[in-house]
1. To make sure I understand the rule: partners must be lysines, Cα under 27 Å from the Cα of Lys124, and not fewer than 8 residues away in the same chain. Which ones qualify?
2. Given a 1.4 Å probe, how much area per residue of the chain is accessible, in Å²?
3. Where in the chain are the helices, taken as whole DSSP H runs, whose Cα atoms extend 15 angstrom or more along the long axis and whose Kyte-Doolittle mean reaches at least -1.0?
4. For the chain, restrict the atom set to alpha-carbon positions and state the Rg and Dmax in Å.
5. Please list, by residue number, every one of the trypsin sites (Lys or Arg not before Pro) in region 1-56 that is coil in DSSP and has at most 14 other beta-carbon atoms within 10 Å.
6. For the chain, with all protein chains present and a 1.4 Å probe, just round the carbon and sulfur fraction of the accessible area to a whole percent.
7. Over all alpha-carbon pairs of region 106-146, lay out the pair-distance distribution in 5 Å bins, whole %, shortest bin first.
8. If the reach is capped at under 16 angstrom between alpha carbons, list the lysines near Lys209, excluding any in the same chain fewer than eight residues apart.
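The values are calculated or read from the model by the stated rules, or taken from the named source; none is laboratory data. Quantities reported herein were computed from a predicted structural model and do not represent experimental measurements. Every residue, glycine among them, receives a Cβ derived from its backbone with ideal geometry; neighbour counts consider all protein chains shown. Heads up: the accessible areas ignore ligands, DNA and RNA and are worked out on the full protein's heavy atoms, side chains in. Shrake-Rupley method; radii C 1.70, N 1.55, O 1.52, S 1.80 Å.
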Amino acid sequence: MNQILPSVFAADLMNLKEECDFLYEKGFKVLHVDMMDGNFVPHIAFGSAQIKSIKKQVKMKLDVHMMVSALEQKISSVLETGAEMISVHYESTPHVRYVIDQIKQHGRKAGVVINPGTDTSLLKPLLNTIDYILIMSINPGRPGQSFIEETIDRIREVKAMVGDRDIQIEVDGGIDEQIAIRCIEAGASMIVIGSYLFTDNKAHLKNLKRLEK
Ligand code: DX5
Ligand code: ZN
């Protein structure tokens, strides 16, 4: 089944609860939450304390995308938030397997994220331990960017590498309805959408929801 994941980074923060309740009522069951530390990426957004309070307030499951350095020091506070899905950047630590093991030991879904410039074959040693792979389709942490076209081929590569393992492919950044369709055709099943979903008074919601088959 395909899923559209609204990215909270693009929501109206002053009305976050209403936004999330509205999306839940419309059938969106997982919220993508960007954690940014101003170091691994230039912006700062959503630390563990904020994620914990979002988790208490919203009915949706949380998919936390950790764009942070020194992952090993931050993973336990993210686990404490109760988030059901946590993804970590391959590039952010030499100890990515160690962090993934911690996520799994806590019974959460573990994802590994790769930047647009990272070779997809580097994921091979992790295939037997992860639940999902997040392929960035923009450079992380910088809002308002356009979808990087090569992502479609990268989704195909990863899909072939995954084979019949139970691993979902997620894509994040610069995605609209037409691009989402192409990502799904290439093999992705979790599509993160920020600005396209929240702009124009959420006019695209209905069409996006139809992609979830
Ligand atoms: C960017 C974030 C994305 C972002 C997507 O670093 O990881 O989740 O919110 O937003 P759009 O869809 O607007 O590119
Ligand atoms: Zn993200």
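1. Straight-distance partners of Lys124: Lys74, Lys104, Lys109, Lys159.
2. Values: 9760 Å² over 213 residues.
Result: 46 Å² of accessible area for each residue.
3. 151-162
4. Final numbers for Rg and Dmax: 15.8, 43 Å.
5. Those that pass, being in a loop and sparsely packed, are Lys26, Lys29.
6. About 48 percent, which is the carbon plus sulfur part of the accessible surface.
7. Whole-percent P(r) values from 0 Å outward: 5, 20, 26, 20, 14, 10, 4, 0.
8. Partners found: Lys26, Lys29.
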